[in-house]
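Note sheet for the following structure.
The values are calculated or read from the model by the stated rules, or taken from the named source; none is laboratory data. All values derive from a computational prediction rather than experimental measurement. In this analysis, Cβ positions are derived from the backbone assuming ideal geometry, glycine residues included, and neighbour counts consider all displayed protein chains. All accessible areas refer to the heavy atoms of the entire protein, side chains included, with ligands and DNA or RNA removed. Shrake-Rupley method; radii C 1.70, N 1.55, O 1.52, S 1.80 Å.
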Amino acid sequence: MDSDTFDELDRQLVHALQLNARAPFSRLASVLGVSDQTVARRYTRLRGGNWIRVLGLTHPEALGEVRWHVRVQCTPDAAGAVAEALARREDTCWVTLNSGGTEINCSTRAHPTQSDDSLLLQRLPRTPSVVGVTAHCVMHTFFGGAQSLVVKSGTLTGRQVAALTAEAPAERPTAAPPTLDEADRRLLDALAVDGRAPLAELAALTGWSASTVRRRMDELTGCGVLYFDLDVDWRIFQVRTHTCLWLSVAPAELAATGAALAGYPEVAYACATTGPTNLHAVVLTRDVQELYGFLTSRIASLPAVRHLETAPTIRVVKGPGPFTLPPRRR
C-alpha cells in the first residue's frame, strides 16, 4: 500500500478517531454518512496494516512529571543500535534518527523525586559511541499532546466535528497530581497499547465492572491525566517529510512566536524549552520542496527568530506508544 491507496473517507475516519477515539463504529458511520460495515472494514485495514494506532496516553504534567527532549550525537555506525536501545526504555517516546543518521532525538519523562540511577539523562553519557548530548526541559507546550496535526487537516466539516465532540468529558484539572492505584496502572497500560480495547477486556484486567471502567476513564480524562491520540502513518495524508526544528527566539517574544508557530498547518508539535535553543517544533510536509517553502515563508515571517537548526528525520524508531509493534510497511 502507498499514499495513493488512501481516499478521502480514510482520512475522514482518521480525523474522526482523533476527535473521538472510542466512538462506536455506528456513531462514526452516522457522522461520516456510510454504513457501519464500511467503517469497520476501513478501520480494520488501517489498524491491521499499522497505518494507525489508537492510543490512550497520559499527560506527564498531570502526574507531576517533567518532560525532556534529548538530542544525542552518535557515531554513524552505532546510531541505529543506540536509538533502538532508547526505544526499548519505558520512559521514552518519539525516538527518531535524524541528520543522516548521526543524531538521535527522543523525548523522556521523569518525576522530580525519581532516583538518579534510573534517569535517562544520567545513563546516556556512559553509553559507548555517544559523542554528545543536549537536553532541553519542556517548559510549555504550544501544540501537541492531546492536540494533533490531524485536526488541522480539514477533512471533516464543522458540523461533523461538533457531532463527534459533543459528549466529550469536560477537563477539570486538579491542583495536585491524582493518586493512581494498581488497577489504574493496569488500565492505563492496556490503553497505551490499544486505546479502543473493549470494556470487557479492560474490566477483566482491572477487576472492575464495565461501568466502573467507563466511569474511571471519564474521571482520568476529566482531571487531565488520560487523553487519546492516534499514531498515524502520515502517508495517508500524502505527507512524507518529517523535520525537527530548534529555534532561538528573543525571550520577550517567545510566547507570541510559539503561538504563531503552533497555528501553522504544517506544525505537528511546538514547545518552549530550556537549553541552547528555546523553541522546538516538529514540521510535517509533503516533500523537501514544501519544507523549503515553509522555512522561507512562514519561519521567515517570524521576526523574533534569531537562529534556526533543521534536522530531517530519516526514521521514526518509536512513536508515542510502547515499542512493541513491527515497523510499518515501506
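For a quick check of your reading of the model, give me the residue pairs whose first member lies in region 209-223 and is assigned to a loop (DSSP other than H, G, I, E, B), whose second is loosely packed, with under 15 Cβ neighbours inside 10 Å and not polar (S, T, N, Q), with beta-carbon atoms closer than 8 Å and at least 6 apart or on different chains.
Cys223/Glu171; Cys223/Arg172; Cys223/Pro173; Cys223/Pro178
List the pairs whose first member sits in region 64-89 and is over 27 Å from Met139 (Cα atoms), whose second member is β-branched (Val, Ile, Thr) and part of a helix (DSSP H, G or I), and whose Cβ atoms are under 9 Å apart, counting only residues at least 6 apart or on separate chains?
Taking only residues 6 or more apart or on different chains, not a single pair turns up.
Any residue at all in region 242-253 that is touching an Asp or Glu at 6+ places or on another chain (Cβ under 6 Å) and under 30 Å from Asn98 (Cβ atoms)?
yes
Across region 71-112, what is the total count of residues that are farther than 20 Å from Leu57 by Cα, among the hydrophobic types (A, V, I, L, M, F, W, C) and crowded, with 20+ Cβ neighbours inside 10 Å?
Total meeting the criteria: 7.
Within region 52-68, work out how many residues are surrounded by 18 or more Cβ atoms within 10 Å (Cβ to Cβ) and either modelled with pLDDT of 95 or more or β-branched (Val, Ile, Thr) (or both).
Of the residues in that region, 7 qualify.
If I filter region 284-293 for residues that are of a type outside the set (D, E, K, R), closer than 15 Å to Arg306 by Cα and in contact (Cβ under 8 Å) with a residue 24 or more places away in the chain, do I get at least one hit?
no
Filter region 148-162 down to the residues that are open to solvent by 60 Å² or more (accessible area, probe 1.4 Å) and within 17 Å of Val283 (Cα to Cα) and list them by number.
Within region 148-162, Val151 is the sole residue that qualifies.
Helices (runs of 4 or more DSSP H) wholly in region 105-199 with at least 3 residues that are modelled with pLDDT of 95 or more and more than 30 Å from Gly33 (Cβ to Cβ) - which ones?
182-193
Return a yes/no flag: does region 226-249 have any residue that is surrounded by fewer than 16 Cβ atoms within 10 Å (Cβ to Cβ), more than 23 Å from the chain's Cα centre (by Cα) and basic (Lys, Arg).
Within region 226-249, none of the residues are surrounded by fewer than 16 Cβ atoms within 10 Å (Cβ to Cβ), more than 23 Å from the chain's Cα centre (by Cα) and basic (Lys, Arg).
I'm trying to understand the selection: among the residues of region 283-320, which are closer than 25 Å to Arg235 by Cβ, part of a strand (DSSP E or B) and open to solvent by 20 Å² or more (accessible area, probe 1.4 Å)?
If the condition is that a residue be closer than 25 Å to Arg235 by Cβ, part of a strand (DSSP E or B) and open to solvent by 20 Å² or more (accessible area, probe 1.4 Å), then Thr310, Pro312, Thr313, Ile314, Arg315, Val316 are the ones that fit.
Looking only at region 247-277, how many residues end up being in contact with a helix residue (DSSP H, G or I) (Cβ under 6 Å, 6 or more places away or on another chain) and in a loop (DSSP other than H, G, I, E, B)?
Adding up the residues that qualify gives 3.
For region 17-51, what are the residues that are closer than 15 Å to Arg196 by Cβ and loosely packed, with under 14 Cβ neighbours inside 10 Å?
Pro24, Ser26, Thr44, Gly48
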